[in-house]
Amino acid sequence: VQLQASGGGSVQPGGSPRLSCAASGDISTFSNEAWYRQAPGSRRALVARIGSDGSKYYTSSVRGRFTISRDNSRNTVYLQMNDLRSEDTATYFCKMETSDSTPFWGQGTQVTVSS
(Lines give C-alpha, C1' and ligand atoms only; values in the text may rest on other atoms or scores of the structure.)
Protein backbone atom coordinates (compact mmCIF):
# COMPACT_ATOMS: atom_id res chain seq x y z
CA VAL A 1 0.00 0.00 0.00
CA GLN A 2 1.28 3.44 -0.90
CA LEU A 3 0.16 6.59 0.86
CA GLN A 4 -0.03 10.00 -0.76
CA ALA A 5 -0.32 12.98 1.56
CA SER A 6 -1.48 16.37 0.35
CA GLY A 7 -2.98 19.62 1.53
CA GLY A 8 0.00 21.32 3.11
CA GLY A 9 1.39 24.72 2.27
CA SER A 10 1.86 28.16 3.70
CA VAL A 11 -0.96 29.23 6.00
CA GLN A 12 -1.59 32.35 8.04
CA PRO A 13 -2.10 32.06 11.79
CA GLY A 14 -5.67 31.11 12.48
CA GLY A 15 -5.99 29.32 9.14
CA SER A 16 -7.85 26.04 8.61
CA PRO A 17 -6.25 23.74 6.06
CA ARG A 18 -7.20 20.12 5.62
CA LEU A 19 -4.61 17.44 5.02
CA SER A 20 -5.50 14.31 3.08
CA CYS A 21 -3.79 10.94 2.97
CA ALA A 22 -4.94 8.68 0.18
CA ALA A 23 -4.04 5.00 0.20
CA SER A 24 -3.56 2.98 -2.95
CA GLY A 25 -5.47 0.04 -1.49
CA ASP A 26 -8.35 -0.88 0.75
CA ILE A 27 -7.93 0.40 4.29
CA SER A 28 -11.22 -0.84 5.70
CA THR A 29 -9.47 -3.68 7.56
CA PHE A 30 -6.62 -1.54 8.87
CA SER A 31 -6.33 -1.23 12.63
CA ASN A 32 -5.64 2.48 12.77
CA GLU A 33 -4.59 5.55 10.86
CA ALA A 34 -2.64 8.46 12.26
CA TRP A 35 -0.98 11.78 11.58
CA TYR A 36 2.46 12.61 12.90
CA ARG A 37 4.48 15.77 12.56
CA GLN A 38 8.13 16.65 12.69
CA ALA A 39 9.47 20.14 13.19
CA PRO A 40 13.10 21.00 12.36
CA GLY A 41 15.39 19.69 15.06
CA SER A 42 12.63 17.66 16.69
CA ARG A 43 11.56 14.05 16.67
CA ARG A 44 8.53 12.87 14.78
CA ALA A 45 5.57 12.96 17.13
CA LEU A 46 2.04 11.64 17.08
CA VAL A 47 -0.60 14.30 16.46
CA ALA A 48 -3.82 12.31 16.08
CA ARG A 49 -4.94 8.73 15.60
CA ILE A 50 -8.20 7.05 14.68
CA GLY A 51 -8.92 3.42 15.43
CA SER A 52 -10.91 0.94 13.43
CA ASP A 53 -13.73 1.39 15.94
CA GLY A 54 -13.72 5.14 15.32
CA SER A 55 -12.03 5.99 18.60
CA LYS A 56 -9.79 9.04 18.38
CA TYR A 57 -6.73 10.29 20.17
CA TYR A 58 -5.22 13.76 20.00
CA THR A 59 -2.08 15.09 21.50
CA SER A 60 -2.91 17.79 24.01
CA SER A 61 -1.54 20.69 21.98
CA VAL A 62 -4.03 20.13 19.14
CA ARG A 63 -7.04 18.83 21.04
CA GLY A 64 -10.06 20.97 20.23
CA ARG A 65 -8.40 22.43 17.12
CA PHE A 66 -7.64 19.40 14.93
CA THR A 67 -10.00 16.66 13.81
CA ILE A 68 -8.99 13.33 12.30
CA SER A 69 -11.45 11.44 10.15
CA ARG A 70 -11.53 8.56 7.72
CA ASP A 71 -13.48 7.80 4.56
CA ASN A 72 -13.16 4.11 3.84
CA SER A 73 -14.98 4.48 0.53
CA ARG A 74 -12.17 6.74 -0.66
CA ASN A 75 -9.38 4.95 1.30
CA THR A 76 -8.48 8.36 2.64
CA VAL A 77 -7.74 9.83 6.05
CA TYR A 78 -8.06 13.52 6.76
CA LEU A 79 -6.71 15.95 9.31
CA GLN A 80 -8.78 19.10 9.60
CA MET A 81 -6.63 21.72 11.27
CA ASN A 82 -8.23 24.85 12.70
CA ASP A 83 -6.83 27.91 14.41
CA LEU A 84 -3.29 27.18 13.29
CA ARG A 85 -0.43 28.58 15.33
CA SER A 86 3.23 29.09 14.53
CA GLU A 87 4.10 26.07 16.67
CA ASP A 88 2.07 23.88 14.30
CA THR A 89 4.69 24.46 11.60
CA ALA A 90 6.10 21.06 10.69
CA THR A 91 6.18 18.34 8.11
CA TYR A 92 3.08 16.20 8.57
CA PHE A 93 3.19 12.48 7.88
CA CYS A 94 0.34 10.03 7.66
CA LYS A 95 0.70 6.49 8.89
CA MET A 96 -1.60 3.52 8.52
CA GLU A 97 -1.30 0.15 10.23
CA THR A 98 -2.73 -3.18 9.15
CA SER A 99 -4.41 -5.54 11.58
CA ASP A 100 -1.04 -7.29 12.10
CA SER A 101 0.62 -3.94 12.90
CA THR A 102 2.46 -3.54 9.60
CA PRO A 103 3.01 0.22 9.19
CA PHE A 104 2.81 2.27 6.04
CA TRP A 105 4.01 5.87 5.87
CA GLY A 106 3.21 8.69 3.53
CA GLN A 107 5.88 10.98 2.14
CA GLY A 108 5.09 14.00 4.29
CA THR A 109 3.52 17.34 3.52
CA GLN A 110 4.90 20.63 4.80
CA VAL A 111 2.70 23.02 6.75
CA THR A 112 4.17 26.44 7.45
CA VAL A 113 2.24 28.86 9.61
CA SER A 114 3.40 32.40 9.05
CA SER A 115 1.97 35.85 8.64
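The values are calculated or read from the model by the stated rules, or taken from the named source; none is laboratory data. Remember, it's a predicted structure, so these values are computed and weren't measured experimentally. Neighbour counts run over all protein chains shown; Cβ positions are idealised from the backbone, glycine included. These area figures cover heavy atoms from the full protein model, side chains too; ligands, DNA and RNA do not enter into them. Shrake-Rupley method; radii C 1.70, N 1.55, O 1.52, S 1.80 Å.
Please work out the FRET efficiency for the pair ASN72 and SER16, using the Cβ-Cβ distance as r and a Förster radius of 30 Å; give the result to the nearest 0.05.
E(calc), rounded to 0.05, equals 0.80.
Using bins 10 angstrom wide from zero, how does P(r) for segment 17-115 break down, in % of all Cα pairs?
Final binned percentages: 16, 52, 27, 5, 0.
State the answer as a single residue: which of PRO17, SER42, THR91 lies farthest towards the positive end of the charge dipole of the chain, with beta carbon charges of +1 for Lys and Arg and -1 for Asp and Glu, about the Cα centre.
It is SER42.
Report the FRET efficiency, 1/(1 + (r/R0)^6), for ASP26 and ARG65, where r is their Cβ-Cβ distance and R0 is 35 Å, rounded to 0.05.
Efficiency, rounded to the nearest 0.05: 0.70.
For the chain, what does the relative contact order come out to in percent, with C-alpha contacts under 8 Å and a separation of six or more?
With pairs under 8 Å counted, the relative contact order is 37 percent.
Can you give me the accessible area per residue for segment 1-62, using a 1.4 Å probe, in Å²?
For segment 1-62, the per-residue accessible area is 53 Å².
Evaluate 2.2 N^0.38 Å with N set to the residue count of segment 51-95, then give the Cα radius of gyration divided by it.
Normalised by 2.2 N^0.38 Å, the Cα Rg of segment 51-95 equals 1.24.
Most mobile of THR98, THR89, THR76 per a Gaussian network model of the chain (Cα springs, under 10 Å)?
In the Gaussian network model the winner is THR98.
Report LEU84's accessible area, 1.4 Å probe, all protein chains in place, as a number in Å² to the nearest 10.
0 Å²
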